[in-house]
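This report concerns only the one structure given below.
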Amino acid sequence: MKEICPVEKTLDIIGGKWTILILRDLFSGTKRFGELRKSLEGISPKTLSERLRYLEKEGIVQKKIYAEVPPKVEYSLTERGETLRSIIVTLKRWGEKCHEA
């Protein structure tokens, strides 16, 4: 059985086009689907739903559904998701330095 490279596994989880931006938005707190969609200009509802479902399956995001009409759904990071903060902050700092050059 082939051993999976840890870097490859990390990129499998956060490497999608929209994933890091979804995480960036959730680092500032719990968001509703519509809030995420507005902040991610150009993402389709289908793609956002798929990415959120995948992140939920991976234990990065949790979904809370409120029993009301219309249904209210909120997304937030799990403890595991919070551990990605340092990676995203490092990417942000690198991008800022790269932009200055």
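No value in this document is a laboratory result; all are computed from the given coordinates. From a predicted model like this one, the values you see are computed outputs, not experimental measurements. When we count neighbours, we look across all protein chains shown, and the Cβ atoms used for this are built from the backbone with ideal geometry, even at glycine.
Tally Lys/Arg at +1 and Asp/Glu at -1 over every other residue whose Cβ is under 14 Å from the Cβ of Y54; what's the total?
+4
Helix 85-100 sits at what angle to the longest principal axis of the chain, using alpha carbons and giving 0 to 90 degrees rounded to 10?
So the helix axis and the longest Cα principal axis differ by about 60 degrees.
Mind checking the alpha-carbon convex hull of region 6-100 and giving the volume per residue in Å³?
For region 6-100, the hull spanned by Cα atoms encloses 110 Å³ per residue.
Report, in deg cm²/dmol and to the nearest 500, the calculated mean residue ellipticity at 222 nm for the chain, where each DSSP H run with n ≥ 4 adds -39500 (n - 2.57) and the sum is divided by the residue count. Spell out each step's value before the answer.
Values: 6 runs with 58 residues, N = 101.
That calculation yields -16500 deg cm²/dmol at 222 nm.
Given Cα pairs under 8 Å that are at least 6 residues apart, what percent is the relative contact order of the chain? All intermediate terms of the calculation are to be shown ahead of the outcome.
Numbers: 77 pairs, mean separation 25.8, N = 101.
About 26 percent, as a whole number.
Out of G15, S44, L55, whose Cα points farthest toward the positive end of the dipole of the chain (charges: +1 Lys, Arg; -1 Asp, Glu; placed on Cβ)?
In the chain, that residue is S44.
Treating only the Cβ atoms of Lys and Arg (+1) and Asp and Glu (-1) as charged, compute the dipole magnitude of the chain about its Cα centre; round to the nearest 20 debye. If you can, show how the numbers build up before the last one.
Working: 20 positive and 15 negative charges, 37 e Å.
Dipole about the Cα centre, nearest 20: 180 debye.
Using a cut-off of 14 Å between beta-carbons, work out the net charge of the residues near R80 (Lys and Arg +1, Asp and Glu -1, R80 not included).
Taking every Cβ under 14 Å from that of R80, the sum is -1.
May I ask you to evaluate 6.51 cos²θ - 1.76 cosθ + 1.60, the Karplus curve with θ = phi - 60°, for each residue of region 48-60 and list the ³J(HN,Hα) values in order in whole Hz, giving x for glycine and proline?
Ordered by residue, 3J(HN,Hα) equals 4, 4, 4, 5, 5, 4, 5, 5, 5, 4, 7, x, 9 Hz.
For region 1-34 and region 72-98, write down the distance between their C-alpha centroids in whole Å.
Taking the Cα centre of each part, region 1-34 and region 72-98 sit 8 Å apart.
Multiply the residue separation of I65 and K17 by 0.36 nm, subtract the distance between their alpha-carbon atoms, and state the gained length in nm to one decimal. If you can, show how the numbers build up before the last one.
On the way: separation 48, 0.36 × 48 = 17.28 nm, distance 2.60 nm.
Separation in residues times 0.36 nm, less the Cα-Cα distance, equals 14.7 nm.
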